[in-house]
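Taken together, the values in this text are just the output of simple stated rules run on the coordinates, not laboratory data. Just so it is clear, the structure is predicted and the values come from calculations on it, not from any experiment.
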Amino acid sequence: MLASELIWVRGAGELGSAVAHLLHRVGLHVFLSDIRPPLAIRRPVTFSSALVDGSSVVEGIESRKAQSNAPKQSIDRKHIPIFEDDPETLLKFIPTIIVDARMLKKYTRDFRKWANLVIGLGPGFEVDKNCHRAIETMRGHNLGRIITKGAPQKNTGIPGKLGGETTRRIVHATRTGQIKWSSHFGELVTKGQQIALINNDKPVYAPLDGIVRGMISEYTPVVKGMKIGDIDPRGESVEYQQISEKARVIAAGVFEAIVLHHNETSDD
């Protein structure tokens, strides 16, 4: 039965959180992992914040920081436990399915021996090379499609287009250090408006008019040039506290791949 599977979603950013959210809602046994401090910027829809805040709620589902030395107490079905990403420790839980949602774009290891089914999200994964199945994450006709042969589309380095904007909507760190936000999620800002300070003296400005949709955690040290925020030019129409349509489609693709795998192995 599907309910007997133990699913490890590796990476608790926007996509991994959407996957875990769906799998938990339909009654599957799932846990998450991510690095600490996390790099996610769309924190209202990511569970990675639980690693620094203790817990995080996304659309009514809670994730709680768990201790990897107490797996039986940590992994239950009332909430989604999240652990610091330590494969050597977490593989001892013996997950039967792994969904790799770290979106690193490049992977040097073959993960297929880690679980009965390893699903890789996006560029860098290739079926029968480092995963059993892959999911297309590029916006377009094939978004969320299960890949059974070959690889997802290569990384273009250009963010998906929202409101007619791609790279210009991304906020980058203007220096290395610690960030302090002066704006908040859901705030409407104008181009050139100061939205943060780094090291209390280096300002960060909004690159265009829009709504603040992404801000990296203030617990996370930033490096000059790194992605730290997102201003959505679509403005107040954006439901920034809800899982995006892209993430929902990808999560549905993962669930479909799990069900198909289960049906195939049940027939053997």
statement: CD proxy, 222 nm, the chain: helix-only mean residue ellipticity via -39,500 (n - 2.57) per DSSP H run with n ≥ 4, per residue, nearest 500, stands at -5000 deg cm²/dmol
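Shape verdict for the range 92-208, please, from the Cα gyration tensor: rounded (a/c under 1.5), prolate (a/b greater than b/c) or oblate. Don't jump to the answer; show the numbers that get you there.
Numbers: a/c = 3.07, a/b = 1.99, b/c = 1.54.
It comes out prolate by the Cα gyration axes.
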statement: Computed over the chain: longest principal axis from alpha-carbon atoms vs helix 245-267 long axis, angle to nearest 10 degrees, is 10 degrees
query: When the Kirkwood hydrodynamic radius is evaluated over all pairs of different C-alpha atoms of the range 167-233, what value in angstrom, to one decimal, is obtained?
result: 11.4 Å
For the range 3-157: span of alpha carbons on each principal axis (Å, largest first): 39, 31, 28
- prompt: On a 0 to 90 degree scale, rounded to 10, what angle separates helix 14-25 from the longest Cα axis of the chain?
  reply: 50 degrees
field: P(r) histogram, all alpha-carbon pairs of the chain included - 5 Å bins from 0, percent
entry: 1, 6, 13, 17, 18, 17, 13, 8, 5, 2, 1, 0, 0
